[in-house]
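The values are calculated or read from the model by the stated rules, or taken from the named source; none is laboratory data. Since the structure is predicted, the reported quantities are computational estimates derived from the model, not experimental observations. Here Cβ is always computed from backbone atoms with ideal geometry, including for glycine, and neighbour counts include all displayed protein chains. Surface areas here come from the heavy atoms of the whole protein model, side chains and all, with no ligands, DNA or RNA. Shrake-Rupley method; radii C 1.70, N 1.55, O 1.52, S 1.80 Å.
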Amino acid sequence: MSNRIWLSPPHMSGKEMKYIEKAFETNWIAPQGSNVTKFEKDIEEYLGLHNRYVACLSSGTAAIHLALILSGVDKGDEVICQSFTFSASANPILYQGAKPIFIDSEEETWNMCPLALELAIEDRIKKGKKPKAIIVVHLYGMPAKIGEISNIAEKYQITLIEDAAEALGSKFKGQQCGTYGDFGILSFNGNKIITTSGGGALITNKKEIKDRAVFLATQARDTALHYQHSTIGYNYRMSNVLAGIGCGQMEVLDDHINSRRVNHCFYQQVFANVNGIKIFSETNQDYYSNHWLSCIVIDEQVTGFNRENIRLALERENIESKPLWKPMHMQPVFRNSFYYGGIIAETLFKKGLCLPSGSNLTDPDKQRIKKVLELFIT
Ligand SMILES: *Cc1c(COP(=O)(O)O)cnc(C)c1O
């Protein structure tokens, strides 16, 4: 059997070890050190705005949790969240004892529908409670309609949190995803565009808020000689060893984005002129996706086959592909939550498939994938 082709495997550059060795040589293993400082500064510079501050954390999930805490979300509060996403976007709402209000997607970006969002806000206010925060996601690297969504957040004075876990390097109107909201979050999990094996970051626009995030992430120790605490803290800081991997990965981030975009072009060519298969692409020049994963939507009525037929054919050749995310309002664990919208996210889940998209996907890999896909389309 040929080697397995994974959906989105880690891609080391060879530049990581020098930073890790430095951590070992200086014995700055954890919980702070020059790699953490450098990784944060590198991301801040990459984001390209003078007033964005980055706190590196143990995961993207931890970053969302801290964003909610820093937004004042507490027990019984309501938090609006995109339904079409990975569960990590929504779980921290429950950590805070708050209630998620899920929102459908729109068809162009597959992300939060601004119309459904505004209807939901109006309805929640009418029912007596204004939501405390909005979590919008840039899924698969595609920027959401973030201009419209931040206008709505501003109009109703609700904190905006951007889950850019899959969208580092993606831009809307030239501005990086994760820098539009009051908070942005990134993930460096093993499957993301760059990885620290596990890790994440919180982006804010105020130095004091970053400092507060770091304080909470390091057990909330008051300034005192002895251990004294006046708030509940967390153990959420990124280790200096893992930040070393991140420093090495930052050196190749743009190469990774370029490879993923080339993958997307490859699939565009494969499916060019195929009726009933749509490859997920930017709708106009305002959107620049890192194309973290290349995805297709299959209209079985037209093609005569469905996403499961393709997935199983790929699997037989030891090639991994996956259905799109199952929306949160369809998840057993969130079955009692409110939902606003129609069946767009639900339909995407039924018809969609993510194809192998690693930045280390080779030309021979692509030929293997193409051979399977051609069984369906020729
Ligand atoms: C990966 C991911 C997260 C969580 O990040 P972790 O670092 O794995 O905790 C959150 N949201 C989305 C959309 C993700 O894809």
Subject >> For segment 224-261 and segment 71-144, distance of Cα centres in Å >> reply: 26 Å
Subject >> Sulfur and carbon atoms: percent of accessible area, the chain [1.4 Å] >> reply: 51 percent
Original post:
How do the peptides 40-47, 18-25, 278-285 rank, highest first, by the average count of neighbouring beta carbon atoms within 10 Å per residue?
Top reply: 40-47, 18-25, 278-285
**OP:** Rounded to the nearest 500, what is the 222 nm mean residue ellipticity of the chain from helices alone, with -39500 (n - 2.57) per DSSP H run of 4+ residues and division by all residues?
**Re:** -11000 deg cm²/dmol
**OP:** Could you run the Karplus curve 6.51 cos²θ - 1.76 cosθ + 1.60 with θ = phi - 60° over segment 327-332 and give me ³J(HN,Hα) per residue in whole Hz, x for Gly and Pro?
**Re:** x, 5, 6, 9, 7, x
**OP:** Keeping all protein chains in position, work out how much accessible area Ser13 exposes to a 1.4 Å probe, and write it in Å² to the nearest 10.
**Re:** 40 Å²
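Express the accessible area of the chain per residue in Å², computed with a 1.4 Å probe while the remaining protein chains stay in the model. Display every interim value, and only then the final one.
On the way: 16630 Å² over 378 residues.
Spelled out: the 1.4 Å probe surface of the chain, per residue, equals 44 Å².
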Original post:
So which lysines can Lys15 reach, going by Cα to Cα under 23 Å and dropping same-chain residues fewer than 8 places off?
Top reply: Lys38, Lys41, Lys192
Subject >> Pairs of Cα atoms farther than 33 Å apart, the chain, % >> reply: 31 percent
Original post:
Got a number for the accessible area of Thr159? Probe 1.4 Å, square angstrom, nearest 10.
Top reply: 30 Å²
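Find how much the distance from Leu225 to Lys130 grows on full extension, using 0.36 nm per residue of separation minus their present alpha carbon separation; answer in nm with one decimal. List each step's numbers first, then the result.
Numbers: separation 95, 0.36 × 95 = 34.20 nm, distance 4.17 nm.
Stretched out fully, the Leu225 to Lys130 stretch lengthens by 30.0 nm.
If you count the DSSP beta bridges with both ends in segment 83-177, what percent of them are antiparallel, to the nearest 5?
In segment 83-177, DSSP labels about 40 percent of beta bridges as antiparallel.
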Original post:
Asp363 versus Lys155, label points 7 Å from Cα toward the beta carbon: distance in nm?
Top reply: 5.2 nm
**OP:** Return the FRET efficiency for the residue pair Phe305, Lys173: r is the Cβ-Cβ distance, R0 is 56 Å, and the value is rounded to the nearest 0.05.
**Re:** 0.90
**OP:** Step through the residues of segment 154-163 one at a time and calculate ³J(HN,Hα) from phi using the Karplus curve (6.51 cos²θ - 1.76 cosθ + 1.60, θ = phi - 60°), rounding each to whole Hz and writing x for Gly and Pro.
**Re:** 5, 4, 9, 6, 10, 4, 10, 10, 9, 8
Original post:
What percent antiparallel are the DSSP beta bridges of the chain, to the nearest 5?
Top reply: 55 percent
Subject >> Candidate residues Met328, Met1: accessible-area rank, largest first, probe 1.4 Å >> reply: Met1, Met328
Original post:
Quick one: how many Å² of Cys265 are accessible to a 1.4 Å probe, rounded to 10?
Top reply: 60 Å²
**OP:** State the antiparallel share, in %, of DSSP beta bridges confined to segment 31-189, rounding to the nearest 5.
**Re:** 15 percent
